[in-house]
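I have placed the structure first, in the form of structure tokens, so that the comments after it can refer back to it.
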Amino acid sequence: MSTDPRETADRSTPPIDGQLWVRLTNGETAYLLGNPHTWPGHFNVWRPAIDEVYTCSFREVAESSDEARYWLDGYLAASEPDPDEIWGDRVLDLDDDGPELTAWRHAAQLFRRTGEWAPTVLCVHCGALQLPREITGLCDRCGLAVEEGHRGDPITESGPS
């Protein structure tokens, strides 16, 4: 039997590019497939060890081929939510250097590094718009701790509530 993942007797197995391999954090080798249309930054892989398509996130990838890394970089860049998905029509009135678009640009940078979209939130203590963080920290304005799980209300299309 061939070990080439592109050759399979099972017609239900999706077409696989053997150069697009990733090693998952559980040590298993998988092959990139595409967008599962579930959550920004998630993607489908084929797991040949169990003959299964699996939806995973960037943080589940421990290692990858160069080709897979380029694929993932492009995929994340194309998957980041646009500012109008967060701010709605209000985005047209936002100042390019204002806090809303600054927060979005920071979230987009984090997204490309981590594959996780950090929500834009308000400080629960003073109402200040908070830039997304990799690690929960202190409010930029009042300095009080912003506790994980209690980071405030998400910004809506109409702006802060």
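The values are calculated or read from the model by the stated rules, or taken from the named source; none is laboratory data. Keep in mind it's a predicted model, so treat the numbers as computed, not measured. Cβ sites come from the backbone with ideal geometry, for glycine too, and all protein chains shown count toward neighbours.
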Open item on the list: Condition first: over 25 Å from residue 107 (Cβ atoms) and either of a type in the set (A, V, I, L, M) or in a loop (DSSP other than H, G, I, E, B) (or both). Now tell me which residues in segment 19-37 satisfy that.
Closed with: 19, 20, 24, 26, 27, 28, 30, 33
Task: Number of the condition not met by residue 40 [criteria: (1) at pLDDT below 90; (2) under 13 Å from the mean Cα position of the chain (by Cα); (3) in a helix (DSSP H, G or I); (4) not aromatic (Phe, Trp, Tyr)] - done: (3)
Open item on the list: Residues that are in the same structural domain as residue 29 (by TED's automatic domain parsing) and of a type in the set (D, E, K, R), at least 3 per element: which helices (runs of 4 or more DSSP H) completely within segment 65-115 meet that?
Closed with: 66-79
